[in-house]
Every structure is written in C-alpha cells, then in structure tokens.
Amino acid sequence: MPRDRKNADNLPTLTVIAGPTAVGKGTVVRELIQRYPSVYLSVSATTRPPRPGEIDGIHYHFVSEEEFSRRAAAGEFLEWALVHGKYRYGTLRQPIEEALADHRPAILEIDLDGVRQVKNTMPDAQFIFVAPPSWDELVARLVGRGTEGPEERERRLRTARTEMAAADEFDLIVVNDEVNRTVGELATLMRLT
Ligand code: 5GP
C-alpha cells in the first residue's frame, strides 16, 4: 500500500466516520454521496442478514459466517469488527486502495473498533465523530426508526454509551442536528466545496 495517502494538494483523501447507533450517519453519508458522486463510499461485508429494502452489493455485501472468515484469513479486510456483540462487519481493502490511487476522496462508515484499527494502518486519514444533539434525542431516533426490537435496541444503546465516551479520540466532532447542515459541514471538512 502506498505510504502517501494525500492527494496532489496534500489533502487527506480518506475520511473515516463513526458515531453511535441511530445518530443518522447512514442518512448523512448517503446524502453526501448524492451531492458529490466522485466520493467513493466503501461497501462493507457483513454477516448480518439484510433488512427489508437492503440490496446486496449496494448497502452491504451480505456474506455467510464461512465466507467472512475465508475473506478475513485471506487478508481482504482493511479492518473488521464484531459489532454490537453479534455480527461481523469489515471494510474490503482493495476498492479503498483503488479509490485512493485514483485520488478519489473515500469514506468509511465503521464502528469504534474499526476506527482504532484504521488509525494504526491509515494514520493520515481524517477521523470524524458524528454526535447526536443529546442522549435523549439519540434514544428518540432509535425508537422512532423502529427497525430493532427492544432487546436489540438495548444492546445498541449499550454500545452507543461506549462510543459517545470515545468521541475525543477523533480529529473532529460533528453534531448531526439537521441533515442538510451536517452534510454541508462534512463536505467542507472533506474540502469538497
Ligand atoms: P447496521 O447493522 O445498522 O447497518 O450497522 C451497525 C454498525 O456497523 C454501524 O455502527 C456501522 O458503523 C458498523 N459498520 C458497518 N460497516 C462496518 C465495517 O466495515 N467495519 C466496522 N468496523 N464497522 C462497520
């Protein structure tokens, strides 16, 4: 992998985004990609089954436990982690390397465990934490989206507490108070505007 991960203007080209469950990272990142289609969004592999409406190869590469283990052993992941203590999620190394080689800005949306791994392997990346306006608002968003049952919600909120406590490990914190504004702030931080 090339050591120089900065583009011609010496700007970081890899942005790593993390934040607690239901903070709206997915929505914000999808909107950013719509506005700036040159940005490469990493499609992770996961052992989690698809939610209704999720498409293989678009939202995730949905793989079996065996397939995930095979890819991990083959060194295909830049990082991978067991998220919410249940399913494995991993960033495929090759598409990221290709995007960066093309000087395309790239985004990873991964959990804290993954962030800590990428900090070691890609120290020049820009690490951004997406925070909710408040804890109560985060709980309201999780309940409101209604995609998890009470048990899964509790599990996710436990992880969220740990993640919130790690916000100062990041280069920058962006409060997702309103999607449009947050996307604008991210675009500025990624120097897309
Ligand atoms: P969900 O199941 O809601 O799609 O995602 C759950 C969590 O998995 C999210 O917080 C997301 O950041 C994390 N995640 C998604 N893809 C990856 C990945 O490739 N690596 C890591 N470490 N975490 C990921």
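The values are calculated or read from the model by the stated rules, or taken from the named source; none is laboratory data. Just so it is clear, the model here is predicted, and its values are computed rather than measured. No Cβ is skipped: glycine too gets one built from the backbone with ideal geometry, and neighbour counts run over all protein chains shown. Ligands, DNA and RNA are excluded from the accessible area calculation, which covers all protein heavy atoms including side chains. Shrake-Rupley method; radii C 1.70, N 1.55, O 1.52, S 1.80 Å.
Regarding Glu98, is this residue under 30 Å from Leu192 (Cβ atoms), open to solvent by 50 Å² or more (accessible area, probe 1.4 Å) and charged (D, E, K, R)? Give the derivation first.
On the way: under 30 Å from Leu192 (Cβ atoms): yes; open to solvent by 50 Å² or more (accessible area, probe 1.4 Å): yes; charged (D, E, K, R): yes.
Yes; evaluated as a whole, the condition is true for this residue.
Looking only at residues that are modelled with pLDDT of 95 or more and surrounded by 12 or more Cβ atoms within 10 Å (Cβ to Cβ) in the stretch 55-70, which one is nearest to the ligand (Cβ to nearest atom)? Before the answer, list the steps.
Restricting attention to the stretch 55-70, the residues satisfying the condition of being modelled with pLDDT of 95 or more are 55-57, 60-70.
Still in the list and also surrounded by 12 or more Cβ atoms within 10 Å (Cβ to Cβ): 60-63, 67-70.
On the way: Tyr60: 7, His61: 10, Phe62: 11, Val63: 12, Glu67: 15, Phe68: 11, Ser69: 15, Arg70: 16 Å.
The selected residue is Tyr60.
Please go through the stretch 71-82 and give me each residue that is of a type outside the set (Asp, Glu) and open to solvent by 20 Å² or more (accessible area, probe 1.4 Å), ordered by number. Explain how you work it out, then say what you get.
Taking the stretch 71-82 as the starting set, the residues that turn out to be of a type outside the set (Asp, Glu) are 71-75, 77-78, 80-82.
Within the stretch 71-82, Arg71, Ala72, Ala73, Ala74, Gly75, Trp80, Leu82 meet the criteria.
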Only one of Arg141, Arg181, Arg191 that is in a helix (DSSP H, G or I), in contact (Cβ under 8 Å) with a residue 12 or more places away in the chain and not small (Gly, Ala, Ser): Arg141
Restricting the search to the stretch 146-178, which residues are among the β-branched types (Val, Ile, Thr), surrounded by 14 or more Cβ atoms within 10 Å (Cβ to Cβ) and assigned to a helix (DSSP H, G or I)? Thr159
Condition (residue is within 13 Å of Thr21 (Cα to Cα) and either modelled with pLDDT under 95 or of a type in the set (Ser, Thr, Tyr) (or both)) applied to the stretch 117-128: is it met by at least one residue? no
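Would you list the strands (runs of 3 or more DSSP E) that sit entirely within the stretch 43-121 and hold 3 or more residues that are of a type in the set (A, V, I, L, M, F, W, C)?
77-83, 106-109
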Pairs, first among the aromatic types (Phe, Trp, Tyr) and open to solvent by less than 70 Å² (accessible area, probe 1.4 Å) in the stretch 101-119, second within 9 Å of the ligand (Cβ to nearest atom) and modelled with pLDDT of 95 or more, C-beta under 9 Å, six or more apart: none
Please count how many residues of the stretch 136-187 are at pLDDT 95 or above and under 18 Å from Arg30 (Cα atoms). 14
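Please state which one of Arg161, Arg156 is under 19 Å from Ile110 (Cβ atoms) and in contact with a Ser or Thr (Cβ under 8 Å, 6 or more places away or on another chain).
On the way: Arg161 fails: in contact with a Ser or Thr (Cβ under 8 Å, 6 or more places away or on another chain).
Going through Arg161, Arg156 in turn, just one is under 19 Å from Ile110 (Cβ atoms) and in contact with a Ser or Thr (Cβ under 8 Å, 6 or more places away or on another chain): Arg156.
I'm checking my understanding of the structure. Among residues of the stretch 15-46 that are under 14 Å from Leu92 (Cβ atoms) and more than 8 Å from the ligand (Cβ to nearest atom), which one is surrounded by the most Cβ atoms within 10 Å (Cβ to Cβ)?
Within the stretch 15-46, the first condition is being under 14 Å from Leu92 (Cβ atoms), and the residues that meet it are 40-46.
So of that shortlist, the ones also more than 8 Å from the ligand (Cβ to nearest atom) come out as 40-41, 43.
Values: Tyr40: 20, Leu41: 18, Val43: 15.
Taking the candidates together, the pick is Tyr40.
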Restricting attention to the stretch 109-116, does a residue exist that is farther than 16 Å from Val83 by Cβ and under 15 Å from the mean Cα position of the chain (by Cα)? no
